Amino acid sequence: MSNEKKLKPQPDWSFKGMTWLYKFYGLIHNIQRDLEKIPVKEGMVIVDYGCGPGRYTIPMAKLVGPKGKVFAVDMHPLAIKMIKEKAARESLTNIEAVLVDSYNTGIQSSSIDLVLLLDTLPLIKDHNALLGEIYRLLKPDGLIFISHVRIKVSRTKEIVEGTGLFTVVECRGHDMLVAPKAKQ
């Protein structure tokens, strides 16, 4: 859509710094525990929205297997480049990297089983635009898995339910499972 406001990615140096911090964090934090919280099944179609360097994209692609698919969506060209390189190194053919300049992903409507918003929601400037796009993407029985520590859970719930499009199904610590309301 030509009237959509274009998003501006963070500077390359900032993205590279974030990537380095994630690598360091990965040395002291077991990502496998995080993965076990996510309701993923073989054959699912997933969107990793704000995928960054792919710390969840690659493991998710392995979990959904060859019959599943992961769309790695980010607005930073370096993120997309890193995802493509990692997928090639791992011989993963079920990842599609999607570079966006707005909240519109271009992914087919009602085609997604699960959307991951991991450490992403606090960075979003227009929550309604993002959540409207996610609502469009999700199948009627699809889910959003949200996890971050930079916004209180009560504020996250307020943002998500404030759209009128979603219902919070479950909260566990900083993790939230969200379902779309019936499409009209």
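Every number here is computed from the coordinates shown, using simple stated rules; none is lab data. Fair warning: this is a prediction, and the values are worked out from it, not measured in the lab. Glycine also receives a Cβ, built like all others from the backbone with ideal geometry; neighbour counts cover every protein chain displayed.
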Practice prompt. Output the residues belonging to the range 35-92 that are in contact with a Ser or Thr (Cβ under 6 Å, 6 or more places away or on another chain), assigned to a loop (DSSP other than H, G, I, E, B) and closer than 23 Å to Pro140 by Cβ.
Written response: none
Worksheet, complete the sentence: Taking the range 150-178 and the residues there that are out of contact with any Asp or Glu (no Cβ under 8 Å at 6 or more places or on another chain) and among the aliphatic types (A, V, I, L, M), the one that is surrounded by the most Cβ atoms within 10 Å (Cβ to Cβ) would be Val178
Discussion item. Quick check on my filter: what residues within the range 143-159 are part of a helix (DSSP H, G or I), among the aliphatic types (A, V, I, L, M) and over 20 Å from Glu133 (Cα atoms)?
Written reply: Val153
Worksheet item: If Val47 passes every condition in (1) crowded, with 17+ Cβ neighbours inside 10 Å; (2) farther than 22 Å from His148 by Cβ; (3) of a type outside the set (D, E, K, R) but one, which one does it miss?
Response: (2)
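Kindly indicate whether Leu130 is in contact (Cβ under 8 Å) with a residue 40 or more places away in the chain, part of a strand (DSSP E or B) and surrounded by 14 or more Cβ atoms within 10 Å (Cβ to Cβ). Give the steps one after another, and end with the answer.
Details: in contact (Cβ under 8 Å) with a residue 40 or more places away in the chain: yes; part of a strand (DSSP E or B): no; surrounded by 14 or more Cβ atoms within 10 Å (Cβ to Cβ): yes.
Taking the combined requirement at face value, the residue does not satisfy it.
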Worksheet item: Within the range 137-149, is there a residue that is under 15 Å from Tyr49 (Cβ atoms), in contact (Cβ under 8 Å) with a residue 40 or more places away in the chain and in contact with a His (Cβ under 8 Å, 6 or more places away or on another chain)?
Response: yes
Item to complete: Among the residues of the range 111-127, write down those that are within 18 Å of Val168 (Cβ to Cβ) and outside any strand (DSSP E or B).
Response: Thr120, Leu121, Pro122, Ile124, His127
Worksheet item: Quick one: in the range 86-110, which of the residues that are aliphatic (A, V, I, L, M) and in contact (Cβ under 8 Å) with a residue 24 or more places away in the chain is surrounded by the most Cβ atoms within 10 Å (Cβ to Cβ)?
Response: Ile95
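Given the criteria in contact (Cβ under 8 Å) with a residue 24 or more places away in the chain and within 22 Å of Glu36 (Cα to Cα), does Leu121 qualify?
So Leu121 passes the test.
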Fill in: Filter result for Asp113 (in contact with a strand residue (DSSP E or B) (Cβ under 6 Å, 6 or more places away or on another chain), among the acidic types (Asp, Glu), closer than 19 Å to Ile38 by Cβ and in contact (Cβ under 8 Å) with a residue 24 or more places away in the chain)
yes
